[in-house]
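Notes follow once the structure below has been shown.
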Amino acid sequence: MALRIDILTLFPEMFQPILGTSILKRAAAKGVVEYHLTQIRDFGTGVHKSVDDKPFGGGPGMVMMAPIVVEAVEATEANDPRPATRILLGPQGRRFDQAVAEDLARQQRLLLIAGHYEGFDERIVEHLRPMELSIGDYVLSGGELPAMVVIDAVVRLLPGAQENKETSGNGQQR
């Protein structure tokens, strides 16, 4: 059965060029992996489909609202009976490395939550209990690029994803 990767994001259009290219595209064409994009704003509130608000406990900036993200996750998970490994991408998470990629490649389903603004309302972590991952100690404008890094690192490890399975981390033959 193919690995299902669900991606929750405010910018699904960012993923099409990456998912439609190279190993990621070929792996999907071979049925090794399935990608499903969910627009978080579809779960937003009001006329403008707002997804952010001031932090619940106070503080600067805006964070993604807990009820919106939780509803998006629950609706997305209802689309497939396989349990999802929930992954929240942000700077405070565990450092993503090859060992984590190998562990994720053994899962049946991944659900990546790409944040924006100043991050996530802490109640999202409390309610969903996701694995929190960081790709490094620097600030990006959102979680989309880290999600793409995780996807690329994981998919290349899936059996049948690459023509030649004996390649090093940089694509060079061993």
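The values are calculated or read from the model by the stated rules, or taken from the named source; none is laboratory data. Here the structure is a predicted model, which is why all the values come from computation and not from measurement. Neighbour counts run over all protein chains shown; Cβ positions are idealised from the backbone, glycine included.
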- Task: Could you check, for segment 76-87, whether at least one of its residues is in a loop (DSSP other than H, G, I, E, B), surrounded by fewer than 17 Cβ atoms within 10 Å (Cβ to Cβ), under 16 Å from the mean Cα position of the chain (by Cα) and not hydroxyl-bearing (Ser, Thr, Tyr)?
- Result: yes
- Among (1) farther than 17 Å from Leu3 by Cβ; (2) at pLDDT 85 or above; (3) not acidic (Asp, Glu), which single condition is Thr76 missing? (1)
- Of the conditions (1) of a type in the set (A, V, I, L, M); (2) over 20 Å from Ile135 (Cα atoms); (3) at pLDDT 95 or above; (4) crowded, with 20+ Cβ neighbours inside 10 Å, the single one that Leu104 does not satisfy is (2)
- Does segment 1-27 hold any residues that are assigned to a helix (DSSP H, G or I) and free of Cβ contacts under 8 Å to residues at least 24 places away in the same chain, and which are they? Glu13, Gln16, Pro17, Ser22, Lys25
- Message: Just to be sure I understand the filter: pairs with C-beta atoms under 8 Å, separated by 6 or more residues or on different chains, first member in segment 66-80 and within 11 Å of Ile40 (Cα to Cα), second member of a type in the set (Lys, Arg) and surrounded by 15 or more Cβ atoms within 10 Å (Cβ to Cβ). Which pairs pass?
- Response: Val73/Arg86
- The lone condition Leu37 fails out of (1) surrounded by 15 or more Cβ atoms within 10 Å (Cβ to Cβ); (2) touching a residue at least 60 places away in the same chain (Cβ under 8 Å) is (2)
- What number of residues within segment 119-170 are at pLDDT below 90, within 21 Å of Phe15 (Cβ to Cβ) and out of contact with any strand residue (DSSP E or B) (no Cβ under 9 Å at 6 or more places or on another chain)? 0
- Evaluate segment 31-51: report whether one residue or more is under 22 Å from Leu158 (Cβ atoms) and either in a helix (DSSP H, G or I) or over 15 Å from the mean Cα position of the chain (by Cα) (or both). yes
- Within segment 88-110, residues part of a loop (DSSP other than H, G, I, E, B) and touching a residue at least 60 places away in the same chain (Cβ under 8 Å) come out as Gln107, Gln108
